[in-house]
1. Considering every pair of different Cα atoms, what Kirkwood radius, in Å, is found for the chain?
2. Please check which bits of segment 104-130 a label hung off residue 144 would reach, taking the label as a point 7 Å along Cα-to-C-beta and the cut-off as backbone N under 11 Å.
3. Ranking 228, 303, 251 by Cβ neighbours within 10 Å, fewest first, what do you get?
4. Filter the trypsin sites (Lys or Arg not before Pro) in segment 259-306 down to the DSSP loop ones having no more than 10 other Cβ atoms within 10 Å, then list what survives.
5. Can you tell me which of 240, 75, 199 moves the most in a GNM of the chain? Springs connect C-alpha atoms under 10 Å apart.
6. I need 35, 49 ordered by Cβ neighbour count within 10 Å, fewest first.
7. Could you please state, rounded to a whole Å, how far the C-alpha centre of segment 91-127 is from the C-alpha centre of segment 241-275?
8. In straight Cα distance, which lysines are under 28 Å from residue 107, not counting same-chain residues fewer than 8 positions off?
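Computed from the coordinates by the stated procedures, all read-outs in this text should not be read as laboratory data. Quick caveat: nothing in here was measured; it's all calculated off a predicted structure. Note that we place each Cβ from the backbone using ideal geometry, even for glycine, and neighbour counts take in every protein chain shown.
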Amino acid sequence: MGIALAIHGGAGTILKSQMTAALESEYRGGIEAALKSGWGILENGGGSLDAVEAAVCSLEDFPLFNAGRGAVFTHEGKVELDAAIMDGHALTAGAVTFVKNIKNPVKLARLIMENTEHILLAGEGANQFAEQMGVKTEPDEYFFTEHRWLQLQEGMADGRIQLDHAAEAEPRPVGSVPASSTAKPIGTVGAVACDQHGHLAAATSTGGMTNKKFGRVGDTAIIGSGTYADEICAVSCTGHGEYFMLAATAYDVAARMKYKGLSLIDAAQEAIDHLTKINGEGGLIAVDKNGNVILPFNSAGMYRGFIVANGEIKTEIFRD
């Protein structure tokens, strides 16, 4: 048994040829900062639930990822946030969807888990609960980032709803060459952890899809689809949420371990293979009670990183 932490910041057509060195450094810095936030808790004997919350909060505060401060805009030009957290040891969970102006939606999800008899709260009611609990809010201006606004304008002009990491509207250093507009973007953030007691936890957060309409809800806040943890493994997913809901991908990993007796690595890969069969795109991060970590995906890249018992930080973006 060993402590372990893994995080993701979205998956999709993320190619080295479409990434400047400066921007790659920024992304890696954001991944590393989130890992350090969670790892500091684990290596000091803290719990997996606290670790995943801290890591996801760090990702929510980082403006390049599609969660919290860097969230994408809806068709109406609003920022609507989803998040979920699950305690695998206690088998409890909390989630929010359609919340606005919440600085760290993952914190609100945990408060729902610990202070209500419910799992998922939505929209105005969730915001009312946040106010009662004294959850930190921010004005609309805090959530405004230029590259997300440009993504919305492009999506509206083309009449399409787009997932995150759209190449043409990605932030880029001055003087860099715009990336190809053929990229197929996907994005969410998440964390999974195993603590010194072998207890597991998972958390996921997202701003959803650029130019989304009609109150669309993705997989992030749906326990078992985008987020899941029990005594066997913890899983957080990123990708085209509709397919993760169809496949119940997060729970699918645990089910394959439980009912087929598979290892974490084999179960996670089978879950991604099944996602591929139904034309879903994305990836997941998972950890088991022994501190094993796996980060499979079927897209060109996935922002990801992990730390295991030796304390060495690993960050990756591209497939190779």
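1. When all Cα pairs of the chain are included, the Kirkwood radius is 18.8 Å.
2. none
3. If I rank by nearby Cβ atoms, fewest first, I get 251, 303, 228.
4. Numbers: sites: 260, 277, 289, 304; in loops: 289.
Passing sites in segment 259-306 do not exist.
5. Of the options given, 75 has the highest mean-square fluctuation.
6. Numbers: 35 24, 49 27.
Least crowded to most crowded, the residues run 35, 49.
7. Cα centroid of segment 91-127 versus Cα centroid of segment 241-275: 25 Å apart.
8. 36, 78, 136, 212, 213, 289, 314
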